[in-house]
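One structure is given below, encoded as structure tokens.
The values are calculated or read from the model by the stated rules, or taken from the named source; none is laboratory data. Computed from a predicted structure; not experimentally measured. Note: ideal-geometry Cβ built from the backbone for every residue, glycine included; neighbour counts use all protein chains shown. Protein only, heavy atoms only, side chains kept; ligands, DNA and RNA dropped before computing areas. Shrake-Rupley method; radii C 1.70, N 1.55, O 1.52, S 1.80 Å.
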Amino acid sequence: MEIKSICCIGAGYVGGPTMAVIALKCPDIKVTVVDINSDRIAAWNGPLENLPIYEKGLAEVVAIARGRNLFFSTKVDQSIEEAEMIFMAVNTPTKTEGEGAGMAADLSYVEACAKNIARVSKTDKIVVEKSTLPVRTAEKIKEILFEKSNGVHFEVLSNPEFLAEGTAIQDLFKSDRVLIGGDETETGKLSVQALVNIYSKWIPKEKILTTNVWSSELAKLASNAMLAQRISSINSLSVLCEKTGANIDELSKAIGMDHRIGSKFLKASVGFGGSCFQKDILNLVYLCRHYGLEEVAEYWHQVIKINDYQKNRFAQKIIDGLDGDLKGKKIAILGWAFKANTNDSRETPAKYVAFRLLEAGALLHVFDPMVEEDKIRIDLHDLYKNTGKSKDEIDFILKNIEIMETLEEAISEVKAICVLTEWEVFKNYDWDNRSNSKAKIFDGRRIISKTVANLDRI
Ligand code: NAD
Ligand code: UGA
């Protein structure tokens, strides 16, 4: 089966880049990315330098495919109806209320998509789970699709996305693997093959793995859990290094040179952030509890607990380094994005550290090369809202933050400089000859040479 038209619901960090690459590599397929957020769609259709998502190489891909066979639209129903294959790439955040709040994935956006697909479809469709979902979600999706369908046949596939932000285009061009889960029925196999045919346009066949639906769904959660577990493992050892005089970078190198372990994801840091690791592990923990596997749940929960410990430990290091008194002291926060090369700040460690410092009375000068001022303020506003404070109280606290245009501006006149994101500009800065040499530096990413004066590192 050769697919000629695709609709992707959700024009976010996954839907936008993945569909842009599919459109680039498959010029014969019409790819329409739809979203209910009209501002986001307008930005996708706007100037290439202002796309809603910053990813190296993305603008170049969009420049070639947009208007040719790649389209961004708010016409959700129409695009669903016209497509043979529909990807669901909507958000699946941690639930904030109801059963499983704070742990389980909120599937309301995915369920809304399924209802929408069932309501408007007049011809058979292949529905692809691109969002990260708990194992056995396809069962629920099928229930919704078939309950509301008018005799239309739906095939549900799982095709989780493994791209990392900051390297999305590179990851999509040269994926380690593409995972496709489908039913082992005749129509299931044909649908899997249809999706294999699409990826085969640029991914070597041996890297396209086909499995049953449940393995595919669970492999995604498990992959993220394994990656995050490595970071928490190395971070749990960084504090032991401090106590014993060992050096965590030397430890990472020595451990990673064992090819059975490998060198990636062993960089000690202020903790992992981003929209997925925490939510996906909490989701895994919730699933284990659901199946009565308390020991397994606790094992994975520990990865999150170490991450929280590390963020707090870094904030405490800064507070102790300034003799426990931050009242009225200016502190520079360098970096707000959860990692370098992205404008995304979801679950960024920076906001938790900033929160602790503000609570201790500090005045913050924040500088990030990519994250916009509004976003920084919204991040903190949302964090404070969870503490039950009113809007007026929050606005009053946030007067203690100034967003700076340059690194130089941010570090002048401060008592401490905290590095929270590993941006190149921070790595390449001449720290030995900085203007404000009296300020203590707290490096949460270990990117500054240990020979620099007045430096403390995570
Ligand atoms: P996102 O929040 O950037 O984008 C989701 C988009 O879906 C939003 O623009 C939202 O408006 C839209 N949407 C929600 N409900 C809709 C509906 N009913 N109809 C139309 N549009 C709707 O999210 P994201 O970062 O792209 O993540 C999407 C999924 O992919 C999540 O499950 C996530 O776990 C997974 N994932 C994310 C990454 C990543 O790096 N961000 C990587 C791999 C997998
Ligand atoms: C992660 C996975 O790497 C992707 O494969 C996955 O598709 C994605 O989650 C997802 O499901 O959303 P992402 O969160 O974009 O990608 O970024 P990562 O590169 O994994 O970094 C996550 C966090 O870990 C960042 O805060 C980063 O700074 C931190 N990190 C990473 C470390 O602290 N140390 C390391 O050695 C590596």
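Numerical summary
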quantity	calculated
Partners for LYS75 among lysines (Cα-Cα distance below 22 Å; same-chain residues under 8 apart left out)	LYS4, LYS30, LYS115, LYS122, LYS125, LYS130, LYS148
Tensor-based shape of segment 25-169 (alpha-carbon gyration tensor, a/c under 1.5 rounded, otherwise prolate or oblate)	oblate
Gyration tensor (alpha-carbon) shape descriptor, segment 264-329, a/c threshold 1.5	prolate
Segment 407-458-segment 124-155 distance, computed between alpha-carbon centres (Å)	51 Å
3J(HN,Hα) from dihedral phi, segment 215-221, Karplus parametrisation 6.51/-1.76/1.60, rounded to Hz, x for glycine, proline	5, 5, 4, 6, 4, 5, 4
Computed over the chain, Kirkwood Rh from alpha-carbon pairs, angstrom	23.6 Å
Karplus-derived 3J(HN,Hα), 6.51/-1.76/1.60, for each residue of segment 11-19, Hz, glycine and proline x	9, x, 5, 9, x, x, x, 5, 6
Nonlocal amide H pairs with LYS30, under 5 Å, H built at 1.01 Å	SER5, ILE6
Long-range amide H partners of CYS418 with built H, under 5 Å	ALA332, ILE333, LEU334, PHE442
For the chain, accessible area per residue (1.4 Å probe, heavy atoms of protein chains only), Å²	46 Å²
Given 14 as the ceiling on other Cβ atoms within 10 Å, longest exposed-site-free region of the chain for GluC sites (Glu not before Pro) in DSSP loops	185-371
Net charge over other residues, Cβ less than 14 angstrom from the Cβ of ILE203 (K, R count +1; D, E count -1)	+2
Neighbour net charge for ASN69 - beta-carbon separation under 15 angstrom, K R +1, D E -1	+2
Rounded Å value of the spacing that divides the Cα centres of segment 236-301 and segment 48-99	32 Å
Local electrostatic count, LYS95, Cβ distance below 11 Å [Lys/Arg +1, Asp/Glu -1]	-2
Accessible surface of segment 43-154 [probe 1.4 Å, protein heavy atoms]: carbon and sulfur percent	50 percent
Low-density loop positions, trypsin sites (Lys or Arg not before Pro), segment 405-444 - DSSP coil, at most 15 other Cβ in 10 Å	LYS438
Cut-off under 5 Å, modelled amide H: who pairs with LEU363 long-range	GLY328, LYS329, LYS330, ILE331
Karplus-derived 3J(HN,Hα), 6.51/-1.76/1.60, for each residue of segment 319-329, Hz, glycine and proline x	4, 5, x, 9, 6, x, 10, 10, 4, x, 7
The chain: angle of helix 186-199 to the longest principal axis, Cα-based, in degrees nearest 10	50 degrees
Qualifying trypsin sites (Lys or Arg not before Pro) for segment 272-335 [loop in DSSP, other Cβ within 10 Å: at most 14]	LYS327
For the chain, with +1 on Lys and Arg beta carbons and -1 on Asp and Glu, the positive-most of VAL239, GLY182, PHE154 along the dipole	VAL239
Approximate shape of segment 132-182 as ellipsoid semi-axes (Cα gyration tensor, √5λ), whole Å, largest first	30, 11, 9
Structure-based [θ]222 nm, the chain - -39500 (n - 2.57) summed over DSSP H runs of at least 4, per residue, nearest 500	-13500 deg cm²/dmol
